[in-house]
1. State which residue is nearest to THR73 (Cα to Cα) when the search covers only region 124-154 and only residues that are part of a helix (DSSP H, G or I) and among the polar types (S, T, N, Q).
2. Taking the stated definitions as given, is ASP154 open to solvent by 10 Å² or more (accessible area, probe 1.4 Å) and under 17 Å from GLY206 (Cβ atoms)?
3. Under 30 Å from THR133 (Cα atoms) and either away from the ligand (no atom under 11 Å from the Cβ) or touching a His at 6+ places or on another chain (Cβ under 7 Å) (or both): does that describe ARG163?
4. Which count do you get for residues in region 176-187 that are buried (at least 16 other Cβ atoms within 10 Å of the Cβ) and part of a helix (DSSP H, G or I)?
5. Select from region 155-170 the residues that are of a type in the set (A, V, I, L, M) and assigned to a strand (DSSP E or B) and list them in ascending order.
6. Report yes if GLY82 is over 13 Å from THR35 (Cβ atoms) and either touching a His at 6+ places or on another chain (Cβ under 6 Å) or modelled with pLDDT under 95 (or both), otherwise no.
7. Would you confirm, using the coordinates I've provided, whether LEU173 is within 15 Å of the ligand (Cβ to nearest atom), not in a loop (DSSP other than H, G, I, E, B) and not charged (D, E, K, R)?
8. Got at least one residue in region 190-198 being away from the ligand (no atom under 12 Å from the Cβ) and not basic (Lys, Arg)?
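The values are calculated or read from the model by the stated rules, or taken from the named source; none is laboratory data. Note that the coordinates shown come from a computational prediction; the quantities given were computed from them, not determined experimentally. All Cβ positions, glycine included, derive from the backbone under ideal geometry; neighbour counts span all protein chains shown. For the accessible areas, the whole protein counts, side chains as well, though only heavy atoms, and no ligand, DNA or RNA atoms are used. Shrake-Rupley method; radii C 1.70, N 1.55, O 1.52, S 1.80 Å.
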Amino acid sequence: MPLLGFGTWQIRGPQAYDAVRRALDVGYRHIDTATVYRNEEEVGRGLADSGIPRDEVFVTTKVPPNAGDPRKTLDTSLQKLGTDHLDLWLIHWTEGGSIHEDLWQVLFEAQKAGKVRDVGVSNYSLDQIDRLTDATGQQPAVNQIEWAPTLYDDEVARGHEQRVVVLEGYSALRNTNLDDPVLREVADAHGVSPSQVLLRWHLDHGFVAIPKSVTPERIESNFAITAFELDEQELHRIDGLAGS
Ligand SMILES: NC(=O)c1ccc[n+]([C@@H]2O[C@H](COP(=O)([O-])OP(=O)(O)OC[C@H]3O[C@@H](n4cnc5c(N)ncnc54)[C@H](OP(=O)(O)O)[C@@H]3O)[C@@H](O)[C@H]2O)c1
């Protein structure tokens with residue numbers, strides 16, 4: 001799973017197609033979508049028209065917990081995305097206090113059938129992950145949660161690591177003040193932008209980041225973060241933005 005992916009929430013139609021094409025052109029090989037984003041078809045066309053072989057791109061989509069027939073939802077996602085398998089299929093959120101054990105079995109069934117490579121959850125707490133694992137004997141590979149330095153919680157980070165559940169963060173940019181002096185200082189030290197430091201913070205911690213943008217320059221700069229690394233001290237300073 002590439003640690004850096006491209007988010008597609010709130011983009012639809014031609015804008016979604018253009019953004020995905022752009023992202024694939026500049027080098028992203030991981031795209032995050034969901035049934036409820038209503039852009040799987042555009043993501044699929046973007047993938048197909050990019051000419052990049054299917055097995056070089058990591059594709060995630062998510063099933064809403066209230067999907068009437070999740071097996072049908074998966075087949076629709078596959079058809080719209082123009083693929084015979086997903087790399088990752090997630091339960092999108094928890095609802096009504098449920099951890100959705102029954103739906104979880106459907107995800108595993110799909111994995112056994114070869115329709116999805118891996119399965120996981122989104123917006124689950126560590127306690128909910130443990131309950132799901134205890135109830136079904138199957139642990140999620142990934143938990144996609146809202147995550148940024150301002151939301152950083154050592155217990156949550158370590159909890160995922162200890163369970164060997166990949167922590168995939170979402171809405172990092174939305175949750176960050178890019179004028180923050182710490183981010184600016186670290187960015188200046190590396191000759192990069194605060195947004196690039198923010199995304200690099202994920203990678204150097206081992207978190208997955210999936211920034212979304214419809215702006216070509218941002219799509220490009222959010223991906224251009226391989227030429228520098230943050231050291232322990234810098235990571236620690238940025239962790240310190242928690243709660244700010
Ligand atoms: N599992 C879930 O429940 C869940 C929930 C939310 C999101 N997600 C996933 O996570 C992805 C990312 O989260 P998100 O879309 O909420 O927000 P995000 O990626 O944190 O932020 C997107 C916003 O930041 C702006 N932006 C992007 N790059 C920037 C840069 N370099 N400098 C300044 N601003 C920049 C974008 O503007 P422009 O587009 O105008 O450039 C957009 O307004 C989603 O697209 C989706 O795939 C999952």
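1. Result: THR136.
2. Against the criterion (open to solvent by 10 Å² or more (accessible area, probe 1.4 Å) and under 17 Å from GLY206 (Cβ atoms)), ASP154 qualifies.
3. Here the answer is yes, as ARG163 does meet what is asked.
4. Here the count works out to 4.
5. Of everything in region 155-170, those that are of a type in the set (A, V, I, L, M) and assigned to a strand (DSSP E or B) turn out to be VAL166, LEU167.
6. Judged against the criteria, GLY82 is not a match.
7. Answer is no for this residue.
8. Looking through region 190-198, at least one residue is away from the ligand (no atom under 12 Å from the Cβ) and not basic (Lys, Arg).
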